[in-house]
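> Structure provided below as structure tokens; questions to follow.
The values are calculated or read from the model by the stated rules, or taken from the named source; none is laboratory data. Since we're looking at a predicted model, the values are computed, not measured. In this analysis, Cβ positions are derived from the backbone assuming ideal geometry, glycine residues included, and neighbour counts consider all displayed protein chains. Keep in mind that these areas ignore ligands, DNA and RNA; they rest on the heavy atoms of the full protein, side chains included. Shrake-Rupley method; radii C 1.70, N 1.55, O 1.52, S 1.80 Å.
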Amino acid sequence: MPIPPLRLWPRVAVTVLVTLGATLIQGPVMIIVGMLGYRGLFNWKVSRVWAWAISKGLGMSVTLNGAEHFEKGRSYILVPNHQSNADIIALLESIPVPFHWVVKESLLKIPLFGPSVAASGAISVNRSDSRQAVEQLRKGSNKLRDGWSILIYPEGTRTADGNLQPFKKGAFRMAISTGIPLLPITVNGAFKILPKHTLNVRGGHVTITVSAPIQTEGLTEDALPELMEKTRQAILTHFDPDFDPFGKNCA
């Protein structure tokens, strides 16, 4: 990973210190609460406080558009584009409904952070084995109840160039098999705030735009390509690859 330019060192240092501090507090709390069997709303709220703290360390502000598309007490499969690690923080801070993440198994091996992610009720998948990943998602779909949603990045990983990548099928197969509506979410700004494979952190503004739900009840596997394309177009409707998160008028 390249060394950040000298002018960014103060922001990088603050971000690292805040992230470590917040994780050292949040991690043990969530692990202990998880061991006691209380993984639900409490741990989700703790995670949101953790994200808020890191967002401040990043110097990042977030605007949520389309909040009216969330119906209280209803479950969704949330499908945002994935620009950088900054959008993980932005989504957790701004999405107003409780949700479980779908994460790669390797994240659970990170000391302290991994066990706290597991304690949050996240669904881990083995991205190197597509058959096993599908089965893990199938088992994880039982968490779509009591108003809980599941967030899956349909691209599977962060973009390397800021553009929307091809979609994987997992989120859409889950939506068809459960009949739970998809909620397309567009992220702008996170890519330039923290590009992939760098520590070039710059404070800036991220917009999260929620599109209208896409109904999936009664659909079959034959509808998979159309469903993926419909979701992609919904995300692209609000996607702006030239969005400037550092502009004076973006907040």
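> Conditions first: (1) surrounded by fewer than 17 Cβ atoms within 10 Å (Cβ to Cβ); (2) in a loop (DSSP other than H, G, I, E, B); (3) of a type in the set (S, T, N, Q). GLN132 passes all but one, so which condition is the exception?
If we test GLN132 against (1) surrounded by fewer than 17 Cβ atoms within 10 Å (Cβ to Cβ); (2) in a loop (DSSP other than H, G, I, E, B); (3) of a type in the set (S, T, N, Q), just (2) comes out false.
> When you go through GLY218, GLY203 one by one, which is the residue that is surrounded by fewer than 14 Cβ atoms within 10 Å (Cβ to Cβ), of a type outside the set (D, E, K, R) and out of contact with any Ser or Thr (no Cβ under 8 Å at 6 or more places or on another chain)?
GLY218
> Which pairs turn up if I take residues in region 44-71 that are on the phi > 0 side of the Ramachandran plot and look for partners that are assigned to a strand (DSSP E or B) with beta carbon separation below 7 Å, at least 6 apart in sequence or on another chain?
GLY66/THR209; GLY66/VAL210
> Moving on. Among the listed residues LEU137, LEU91, LEU112, identify the single one that is among the aliphatic types (A, V, I, L, M) and open to solvent by 30 Å² or more (accessible area, probe 1.4 Å).
LEU112
> Restricting attention to region 44-82, which residues are of a type in the set (S, T, N, Q) and open to solvent by less than 10 Å² (accessible area, probe 1.4 Å)? Even if it seems obvious, please write down each step before you answer.
The first filter runs over region 44-82 and keeps only residues of a type in the set (S, T, N, Q), leaving 47, 55, 61, 63, 65, 75, 81.
Hits for region 44-82 are SER55, ASN81.
> Further question: Residues in region 168-193 that are open to solvent by 10 Å² or more (accessible area, probe 1.4 Å) and polar (S, T, N, Q): how many?
2
> Of everything in region 1-19, what is more than 15 Å from HIS197 (Cα to Cα) and open to solvent by 100 Å² or more (accessible area, probe 1.4 Å)? Give them in sequence order.
If the condition is that a residue be more than 15 Å from HIS197 (Cα to Cα) and open to solvent by 100 Å² or more (accessible area, probe 1.4 Å), then LEU6, ARG7, TRP9, LEU17 are the ones that fit.
> Specify which of the listed residues (THR207, THR159, THR198, THR216) is assigned to a loop (DSSP other than H, G, I, E, B), polar (S, T, N, Q), within 18 Å of LEU58 (Cβ to Cβ) and touching a residue at least 24 places away in the same chain (Cβ under 8 Å).
Numbers: THR207 fails: assigned to a loop (DSSP other than H, G, I, E, B); THR159 fails: within 18 Å of LEU58 (Cβ to Cβ); THR216 fails: within 18 Å of LEU58 (Cβ to Cβ).
The unique qualifying residue is THR198.
> Being assigned to a helix (DSSP H, G or I), among the small types (Gly, Ala, Ser) and in contact (Cβ under 8 Å) with a residue 40 or more places away in the chain is the filter here; which residues of region 1-43 pass it? Step through it out loud before you land on a result.
Our first condition is that a residue be assigned to a helix (DSSP H, G or I); within region 1-43, this holds for 6-35, 41-43.
From what is left, the residues that are among the small types (Gly, Ala, Ser) are 13, 21-22, 27, 34.
Passing the criteria: GLY27, GLY34.
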